[in-house]
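Here is the structure we will look at.
Values in this text are rule-based calculations from the coordinates and carry no lab data. All figures in this text were calculated on a predicted structure; none of them were measured in a lab. Cβ sites come from the backbone with ideal geometry, for glycine too, and all protein chains shown count toward neighbours.
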Amino acid sequence: MISPHFTLVGDKATKSSDIEDLFSRLLTIIEYLWKRSDVSSEFQNCLRQALPLNKTKIDIDKSSNRWVLLPGLCCSAAGGINSEADYIAGAWLAFYIAAHIMDSVQDKHIPEGLDISKDPSHMLNIASGLFFTAELLLDEFISKYHNQVWGAEIIRNFHTGLMNMCQGQYLDVRSGVDSSLQSFWQISKLKSGMFFATACKSGAAVVSQDEGQLACYYQFGYNLGILIQVLDELEDWYKFSETDKRASGNSFNKSLPILYTKTVLQGDHKNDFEQELSNFCQSLDNRDDIVRMVDQSGAALYILTEIERYSQLALKALEPLIEKNLAKSTLVFLIEGLLDKNI
Amino acid sequence: MTLAQVVYHLSNDSDFATQMRTDPETALAEKGLTISKEEQAFLSNGLTRSTRADGSKISMNDIASLYVGWR
């Protein structure tokens, strides 16, 4: 098997040339669309700051940078050329960044690496600009696509996926402090699963109308998206357990290890745990007690089992695809790299 | 959230854990729990990955530290 361009996800040695090439193409397209929209250069500059396209050094460890290759990879795996999915990739990236910004307004903090002001009004305005940048890209895709009817179908499915993602966000906002393990999975499937499913299926749909094949790419992206959510939870847990930062009350109580532990404990054990959580919001002194209780509940095994589930489901989704090529190998490698952690 | 309950019992009930290795159907039935064969396979792989060579169990911090900066 020829080595794919990707090595392990998060591996500092991963080549960035694919991302750089894509960003260069997207920058040309997006700058042209902004100029054609006749918006001021000042506003264009604000939008440009929020996108990672024009940075002098591309940080390949940024998740949005890496995953933007998915539409092109799926297009290539389905028998096409990566660049045929550029408009889809660009729209998906713009939506991704916009959603990220809106999440930041909800969480009241600016994520690392986003060059935008902390003013919520400004952030929402930038997010809106990026949403419509995405729409400009999709409009341009349709105008250039050889099959208008099928092109419209691709866009319709794209929008449906995003609407479901919005529904996930609605459930997340509404759940507040009354989250449950069940709602965690429901929200993850809508927010992350469907978002990545949209990227993968839309990319493949640029060159394929085979519904069976497209379903495979959908399932691959869906399970990859949920897996990504679980891994994000692990990173957040590390920050909680190993740093002096006080976790924000709502996000901490909605984290996967905490929700799992609250679900499985009963009676006095449950009451004790909830008391510890309540105390933790006031001070960090009982952090070790919470970590111990979470460990004793079997959270590590539960999360490893779920990582196993979504990895295997993502790999299984690719099995029916007959086309064996570098892109398909890369998709497989993406998942295997996530599992290949020595414990 | 049956899988979660199964994991909890596996982690806190040594008799259940032993029986799950030899007769998972009976072990689950006696607890009134049902998980699919597919979930049993995921759980089995999860158990393998969560157990060190010396038989000790890994912690949440152990797994979390592997995925720091994974993005």
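Quick rundown of the values:
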item	result
Cα lying deepest toward the dipole's positive end in the protein assembly as shown, options A:SER37, A:LEU53, A:ILE335, charges on Cβ	A:SER37
Karplus-derived HN-Hα couplings along the range A:218-230 (A = 6.51, B = -1.76, C = 1.60, θ = phi - 60°), whole Hz, x at Gly and Pro	4, 5, 4, x, 4, 6, 4, x, 5, 4, 4, 4, 5
The range A:217-330: relative contact order in percent, alpha carbon pairs under 8 Å with at least 6 residues between	43 percent
Pairs beyond 25 Å (Cα-Cα), from A:LYS239/B:LYS31; A:LYS108/A:LYS191; A:LYS189/B:LYS31; A:LYS191/A:LYS316; A:LYS144/A:LYS201	A:LYS239/B:LYS31; A:LYS189/B:LYS31
Under 11 Å, Cβ to Cβ, from B:SER11 - net charge with Lys/Arg +1 and Asp/Glu -1	-1
Degrees separating the helix B:37-50 axis from the principal Cα axis of chain B, which is the longest one	40 degrees
Footprinting exposure proxy for A:ARG36, A:ARG309 (fewest neighbouring C-beta atoms within 10 Å first)	A:ARG36, A:ARG309
Ranked list, fewest to most other Cβ atoms within 10 Å of each Cβ, for A:CYS200, A:CYS75	A:CYS75, A:CYS200
Separation between Cα centres of chain B and the range A:164-222, rounded to whole Å	27 Å
Computed magnitude of the charge dipole of the protein assembly as shown (debye, nearest 20; Cβ of K, R +1, Cβ of D, E -1)	600 debye
Neighbour-count ranking [beta-carbon atoms within 10 angstrom, fewest first] of B:THR48, B:THR2, A:THR133	B:THR48, B:THR2, A:THR133
